Amino acid sequence: MSLAAIQSRLITACAAAGRAPASVQLIAVSKVQPLERVVDVLEQGHRLFGENYVQEAVAKWPDLRVRFGPVQVHMIGPLQTNKAKVAAELFDAIHTLDRPSLADKLAKLAQARGASPQLFVQVNTGAEPQKAGILPEATDAFITQCRAMDLPVQGLMCIPPEGEESAPHFAMLAQMAARNGLTGLSMGMSSDFEAAIAHGATHIRVGSAIFGARDYGAPSPA
Ligand SMILES: *Cc1c(COP(=O)(O)O)cnc(C)c1O
């Protein structure tokens, strides 16, 4: 696969769903990828990336932004509260707002900085004990709580359980967003982004299908 191949599949999936291609943002997930692969995708003109680790992103993106100009980088991995300040300064959006203590911290940072990244509330749609995210039954109250803190909640995010069909999880997330008046839906990865687009995804997070497989044994790409 390649960036062009994924863009063309995105366009086909949008056509099948009767949606405008511009209504879906393609986040190229560059975590753990060798720098030359990331540079290659930047050279093809792509300007929206996703990262999972604050440290890796800090080592990579300030330099790349100097080289390539404005690039949007979204945080899609679990965020420790003690890294929230660095994250708020680096990222344009955080897709993993998953607990009240992180909401508190981000609200304080937003107050101090007078700005905040766009936020997505991560929902644990499969109610998996080992997975991050707000449980479905607690999500409406959590969104209300975040709004009371003036946090810019743009939408919801989910990672469906492995080995299960993604579509019911995407449908559930879309329903929860709609009833809370949220327009953003961060859902769909390399293996299921077309189904996510069919269910209304506004942000798909595609890594290996663009960059190739991740090699976690390789030295840090930073
Ligand atoms: C790594 C990651 C992705 C991209 O996964 P691929 O299967 O490589 O497309 C998407 N979303 C999250 C939250 C991830 O951690």
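The values are calculated or read from the model by the stated rules, or taken from the named source; none is laboratory data. The model shown is predicted, which means the values in this text are computed figures rather than measured ones. Here the Cβ positions follow ideal geometry from the backbone for every residue, glycine too, while neighbour counts run over all protein chains shown. These area figures cover heavy atoms from the full protein model, side chains too; ligands, DNA and RNA do not enter into them. Shrake-Rupley method; radii C 1.70, N 1.55, O 1.52, S 1.80 Å.
Checking the range 85-94 against the condition returns a match, with at least one residue being assigned to a helix (DSSP H, G or I) and touching a Phe, Trp or Tyr at 6+ places or on another chain (Cβ under 7 Å). Scoring T139 on the criteria (1) open to solvent by 10 Å² or more (accessible area, probe 1.4 Å); (2) under 22 Å from P168 (Cβ atoms) leaves a single failure, condition (1). Criterion applied to S30, S23 was being surrounded by fewer than 18 Cβ atoms within 10 Å (Cβ to Cβ) and among the hydroxyl-bearing types (S, T, Y), and the one residue passing it is S23. Determine, yes or no, whether A16 is surrounded by fewer than 17 Cβ atoms within 10 Å (Cβ to Cβ) and closer than 20 Å to S190 by Cβ. Taking the combined requirement at face value, the residue satisfies it. How many of the residues in the range 156-182 are within 12 Å of the ligand (Cβ to nearest atom), part of a loop (DSSP other than H, G, I, E, B) and surrounded by 14 or more Cβ atoms within 10 Å (Cβ to Cβ)? Residues that pass the stated criteria total 4. Of note, L106 satisfies the criterion of being in contact with a Cys (Cβ under 9 Å, 6 or more places away or on another chain), more than 16 Å from the ligand (Cβ to nearest atom) and open to solvent by less than 50 Å² (accessible area, probe 1.4 Å). Against the definition (closer than 22 Å to A13 by Cβ and not in a helix (DSSP H, G or I)), how does G217 come out, yes or no? When the stated conditions are applied, G217 does not pass them. Scanning the range 186-200 for residues that are within 11 Å of the chain's Cα centre (by Cα) and assigned to a loop (DSSP other than H, G, I, E, B), we see that the one that is nearest to the ligand (Cβ to nearest atom) is M189.
Give the number of residues within the range 102-120 that are in contact with a helix residue (DSSP H, G or I) (Cβ under 6 Å, 6 or more places away or on another chain) and part of a strand (DSSP E or B). Residues in the range 102-120 being in contact with a helix residue (DSSP H, G or I) (Cβ under 6 Å, 6 or more places away or on another chain) and part of a strand (DSSP E or B): 0 in total.
Checking each residue in the range 121-155 for being of a type in the set (D, E, K, R) and assigned to a loop (DSSP other than H, G, I, E, B) picks out E128, K131, D150. Restricting attention to the range 183-199, the residues that are open to solvent by less than 60 Å² (accessible area, probe 1.4 Å) and either hydroxyl-bearing (S, T, Y) or in contact (Cβ under 8 Å) with a residue 40 or more places away in the chain (or both) total 5. Answer yes or no as to whether G207 is open to solvent by less than 70 Å² (accessible area, probe 1.4 Å), among the small types (G, A, S), closer than 30 Å to V39 by Cα and at pLDDT below 95. It is false that G207 is open to solvent by less than 70 Å² (accessible area, probe 1.4 Å), among the small types (G, A, S), closer than 30 Å to V39 by Cα and at pLDDT below 95.
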